[in-house]
Every structure is written in C-alpha cells, then in structure tokens.
Amino acid sequence: MSSTVEEQPERSRSDHSFFGQPFALANLFGVEMWERFSFYGMQGILLYYLYYSVADGGLGLDRASAASIVGAYGGTVYLSTIVGAWIADRLLGSERTLFYSACLIMLGHISLAILPGLAGVGAGLVLIAFGSGGLKANATSLVGDLYAPDDQRRDAGFSIFYMGINVGGLVGPLLTGWAQKNWGFHVGFALAAVGMALGLIQYTLGRKHLHGVGSTAPNPLPEAARPRVAVIAIVAVAVVFAFALAGVITAANLSEIVVALTIVAAVAYFAVILSSRRITPTERSRVFAFIPMFIASAAFWSLFQQQFTTVAIYADTRLDRNLFGWEFPPTWVQSINPVFIIIFAGVFAALWTKLGARQPSSPIKFALGTGIMGIAFLCFIPMSGGGPDSAPLLGLAAILLLFTFAELLLSPVGLSLSTKLAPAAFHTQMVALFFLSVALGSSLAGTLSRFYDEDHEVPYFATVGLASLGIGVVLAVLSPWIRRLMRGVH
C-alpha cells in the first residue's frame, strides 16, 4: 500500500539516492527537462514558421501578426497555470494533473507536426499552452511536497530541479533549429513531440517513486458543483470559437486580447484579496506593497520575452551568423540565455548567501532587474541600421548576458517574494498573481514587437529601453515606501 502524503516527507528524509536528494526528484527533474526541451525547441522555430514564405516552408503571415500569435501564446501559458492549479486543488491532485498536462503537450506538438497551416498552429498552441500551464503549476508543487518543512535539502533540491529547466532550454532550440534547417519545420515540431514523449515514458516508469505525493485533491470540488463547472467551461470554449469565426479574434489582435484578459484577471485577484475579511491589516499592507512590484515585473517580462519575437526577428535578419565559415540557424540564439543561466545562477545564489542581511531588498532587486533590461535594449542602438548580417554575434551575446543578470535579479526573487507577502488565506493566489505578471509581460512582448521596424530600429529600442529604465528608477525611488508597506519582509 502507498504511503500517505504525511508519511512521504519522512520517507524522503532518509532517501539520498539522487545526488543526496529523494529519488523521486530524478523523475520530476526528467519530465521538467524534457518538457522544457520541447517547449523551447518548438518556440525557437515557431515565429519563423509563421512568417517565413510558403516557399521556405512557412505560412507567409506578416511579421506583426506572427509576433502577436507568439506573444499571445506565451501569455496563455502563464494564464493557464491558474487553471492547472485549480484542477489540481479541486479535481485531480497535482500528480495526475501533471501527467495529463504532459499528454496534452505531446498532442500539441504532434498537431503542429502533422496538421497543415493555421489549423495545426491553432490546435497545437492551445494544447501546448494549457498543458504547459498545468505542468508548470504542479511540477514545482510536487518538488516541494517531497521535503519536510525543516529538511535542509529543500533549496538544493530546487536548484537541481531548475537545472533541468535550463538544460532543456539549452538543448531544445539547438536540435529543433538544426532539424528545421535540414529537413523543415514539421520535422522540428516532430522532434519536440519526441522529446515530450520521452519525458512521458520516463515519468510513467517512475511515478511509483512518488509514493502517493499529490495523488489527491486537497480541496475537492463537491460532486454537486461539478456539472455547473463543466457547463461554464464548455460555454467559455464555445464563446471563444464564436468570436474567432465572427472575426472578432484575429491573429493580429490576439496578443492584445490576452493582455486585456490578464489585466482583468489581475485586477479581480487583487480586489478579492484586498477586500477579504480573512486578512489582517499587516497582510493587507503587504498586498498593497506587491502592486508596484507586479507592474515592474510585467514591464520586465514584456522586454525579456521579446527573445521569442523582436530578438528572434533580429537574429534572422540583422545578426551575422557566420561561425568559422558556416551559417548557424537563427534559432540557436535562443540557447545563449540558458547557457548564461547555468553559469551564473550559482554565482548569484552564493552572492546572496554571502551578503545575508546586507543583500539588497526585494524592491531594489526588482528595480535593478527592470532597469538592466532597459539598458540591454538601449545596447541595440549602436548596432542598429547596418543592414543584413551587420550585427556582431558577440554584441548580441553581451546583450543577452544583461538579459540573464536581469532575470536572476527578478525572476527567482519574484516567486520568493510572492510567497513571503502572501496572506495566510491566499498563499497560492499570490503565486498565481506573480504568474499573471509574467502572462501580462509575455503577451505585451507580442504587442510591442509589432512596432519593431527594421528600417527605424533606433526609435523602437530607445523608447522601449528608456521606458523600462524609467520604471526601474521610479521603483528604486519608491523602495523605502514599499519596504514600509512590506511590514518587516525584506
């Protein structure tokens, strides 16, 4: 008989078979690595598939519409983490939700690989977005459930787990880009499907090592309420299809629609939490402190996620990709950031550990991250206006190094901060709010990229860069006030 959820942390405490960690971590590490392989591998070639000409194997969309689709897809991935978390908490439990989400992801990649035209894009991206949201929301939860609250291995376990993310993010674009260059886009998408299938096989074989963790929903939905929820879900899907058929939802305005939905969801979340009678005055003050951090986070991600829109176009049309006489695929640029993350994540973690209480406060880290992203975009200006193959690879690599520093200042800090500022009654919802800031920024990345013009690059890079830098400066100025609202949280 499997152990109960309460017994599992004690069982894991004595399990040191995976680099000193519970062996179940190896299974979660593997499925996350393969999911990120397929996710970033597909995303590395997606924009090019949308706007390359039919003669070159693409769909021939205009670049603005292609960027809008990519931005909307990125935003929907993070929006759907809320759906994935809800299904796990109320219906299936984290473990089964993760498994079925991985199945959806694989079906999505298969759809992109075998279905022609926009039908394959629509079916594939919807399946992958909701599958990735479900997997992302629950894999992290399962890793945390492997450890007792006082288990000193927890942080190291998460570090190993996140290494899987970056290994997958590094290798995925390299292999799918190589496959696309030699055999076409659909082979690249098929390779992403194979990666997710390998992850599913490995996870299925290792599910027994979880010993019941995440097997049940912690707050199950009453049987009487389930038909009503099913009807609401069906109606929502029908409305989306009706709007698409009526031309209200188009490729060109898709990212703006996701932006609007995300803003509505975020405002509703903040309103529900702040108006609740279940939170104390101190908790309410901390939620107010999170609002400027939410705005800064959205600004950061609106620039950072342009790796898959503006920077992808730049790598295709501006970058000198000649490497010792061989022109490498533009998709390989997507692997530069994961390399830097693997190198510097440990450096930043060691720095914060060494500084201890002397390290910068969370608002200052957010300000630095947002400001550095602005500086990174300003660094495009000296390379602008030179025509095709004019931008040096080292120049773009240096800019992506700034992307990495900014990410390490804001992304892990944001997740940690959302848990520290969360009221006791809304612990999970505050994490969802942070993911909503990522969703908002990701969809904005598609909207902003529509204004990128190769013939007028300087105004775009200057405007976007200065705006982000300005938000960082304002946040730094406001940081003493924000820290007071945080009521003792550093």
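In table form, for the structure just shown:
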item: Residue in the range 61-97 that is modelled with the lowest pLDDT, counting only those that are open to solvent by less than 10 Å² (accessible area, probe 1.4 Å) and touching a Phe, Trp or Tyr at 6+ places or on another chain (Cβ under 6 Å); result: Thr81
item: The range 453-475, subset at pLDDT below 90 and assigned to a helix (DSSP H, G or I), residue farthest from Phe304 (Cα to Cα); result: Asp455
item: Selected residue [assigned to a helix (DSSP H, G or I), of a type in the set (A, V, I, L, M, F, W, C), open to solvent by less than 40 Å² (accessible area, probe 1.4 Å) and at pLDDT below 90] from Ala179, Ala225; result: Ala225
item: Which listed residue is among the β-branched types (Val, Ile, Thr), at pLDDT 90 or above and over 30 Å from Phe451 (Cβ atoms), from Val259, Val311, Val235; result: Val235
item: The range 260-290, residues that are open to solvent by 40 Å² or more (accessible area, probe 1.4 Å), closer than 20 Å to Leu415 by Cβ and either touching an Asp or Glu at 6+ places or on another chain (Cβ under 9 Å) or not basic (Lys, Arg) (or both); result: Tyr269, Phe288
item: Candidates Gly184, Gly188, Gly133 - the one that is in contact (Cβ under 8 Å) with a residue 12 or more places away in the chain, over 18 Å from the mean Cα position of the chain (by Cα) and open to solvent by less than 10 Å² (accessible area, probe 1.4 Å); result: Gly188
item: Contacts under 8 angstrom Cβ, first residue in the range 303-315 being in contact (Cβ under 8 Å) with a residue 60 or more places away in the chain, partner among the acidic types (Asp, Glu), 6 or more apart; result: Phe304/Glu407; Ile313/Glu454
item: The listed residue being assigned to a helix (DSSP H, G or I), among the aromatic types (Phe, Trp, Tyr) and open to solvent by 20 Å² or more (accessible area, probe 1.4 Å), out of Tyr100, Tyr48; result: Tyr100
item: Qualifying residue in the range 251-259 (condition: charged (D, E, K, R), in contact (Cβ under 8 Å) with a residue 24 or more places away in the chain and either closer than 30 Å to Arg487 by Cβ or buried (at least 16 other Cβ atoms within 10 Å of the Cβ) (or both)); result: yes
item: Residue that is nearest to Leu118 (Cα to Cα) [pool: residues in the range 201-213 that are among the hydrophobic types (A, V, I, L, M, F, W, C) and either surrounded by fewer than 18 Cβ atoms within 10 Å (Cβ to Cβ) or modelled with pLDDT of 95 or more (or both)]; result: Ile201
item: Cβ pairs under 6 Å, 6+ apart, first in the range 443-470 and among the acidic types (Asp, Glu), second open to solvent by 50 Å² or more (accessible area, probe 1.4 Å); result: none
item: From the options Gly325, Gly346, residue that is farther than 24 Å from Gly184 by Cα and of a type outside the set (A, V, I, L, M, F, W, C); result: Gly346
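The values are calculated or read from the model by the stated rules, or taken from the named source; none is laboratory data. None of these values were measured; they are calculated from a predicted model. Methodologically, a virtual Cβ is constructed for each residue, glycine included, from the backbone with ideal geometry; neighbour enumeration extends over all protein chains shown. Side chains are part of the model used for accessible areas, which takes the heavy atoms of the whole protein and leaves out ligands, DNA and RNA. Shrake-Rupley method; radii C 1.70, N 1.55, O 1.52, S 1.80 Å.
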